[in-house]
1. Between (1) 219; (2) 88; (3) 121, which entry matches volume of the Cα convex hull per residue in Å³ as derived from the coordinates of this structure?
2. Skip the ligands, DNA and RNA, and give the accessible area per residue of the chain with a 1.4 Å probe, whole Å².
3. Taking the full set of protein chains and a 1.4 angstrom probe, give the accessible area of Phe100 in square angstrom, rounded to the nearest 10.
4. Heads up, I need the accessible area for Glu35: 1.4 angstrom probe, whole protein in place, Å², nearest 10.
5. Over the chain, with every protein chain in place, what whole percent of the accessible area is carbon and sulfur at 1.4 Å, could you tell me?
6. In sequence order, what are the phi-derived ³J(HN,Hα) couplings for the stretch 51-59 according to the Karplus relation 6.51 cos²θ - 1.76 cosθ + 1.60 with θ = phi - 60°, rounded to whole Hz, with x for glycine and proline?
7. With everything on Cα atoms, drop me the angle between helix 34-43 and the longest principal axis of the chain, reported from 0 to 90° to the nearest 10.
8. R0 = 35 Å: FRET efficiency of Asn9 with Trp57, Cβ-based, nearest 0.05?
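The values are calculated or read from the model by the stated rules, or taken from the named source; none is laboratory data. Note that the coordinates shown come from a computational prediction; the quantities given were computed from them, not determined experimentally. Positions of Cβ are backbone-derived with ideal geometry, glycine not excepted, and every protein chain shown enters the neighbour counts. For the accessible areas, the whole protein counts, side chains as well, though only heavy atoms, and no ligand, DNA or RNA atoms are used. Shrake-Rupley method; radii C 1.70, N 1.55, O 1.52, S 1.80 Å.
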Amino acid sequence: MVDYDRIFNGRELVPAIVQEEASREVLMLAYMNRESLRLTLETGRTWFYSRSRQSLWNKGETSGHFQTVKEIYVDCDCDTILVIVEQEGAACHTGNHSCFYTRIK
């Protein structure tokens, strides 16, 4: 059973790091609310909350680049979620496999 109160602890949104199962590459960072976490657990595909659109979104619904959930963890402070996925296609809306493709140092 998921302890939503412990994870969200009065917060509307919690950061969610998405990591590829096979390569362990960090693909993206997004935000989850209670509903998107519930939908992710129920459907086995990632759901997030868009801060700019103020709505839920299913990763891959438009692009076809779905993320199939393999495992979900919460960190020691219970304030960040780690979602291990099998990525279909690109994770980034730019078409890159990962959102972390710009090196600054």
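1. Here the calculated entry is (3).
2. Details: 6500 Å² over 105 residues.
Here the residues of the chain average 62 Å² of exposed surface.
3. 130
4. Accessible area of Glu35: about 70 Å².
5. Working: 3250 of 6500 Å².
Of the solvent-accessible surface of the chain, carbon and sulfur hold 50 percent.
6. My calculation for the stretch 51-59 gives 5, 6, 8, 6, 7, 6, 9, 9, 4 Hz in order.
7. Rounded to the nearest ten degrees, it is 60.
8. Details: r = 24 Å, r/R0 = 0.67.
With a Förster radius of 35 Å, E is 0.90.
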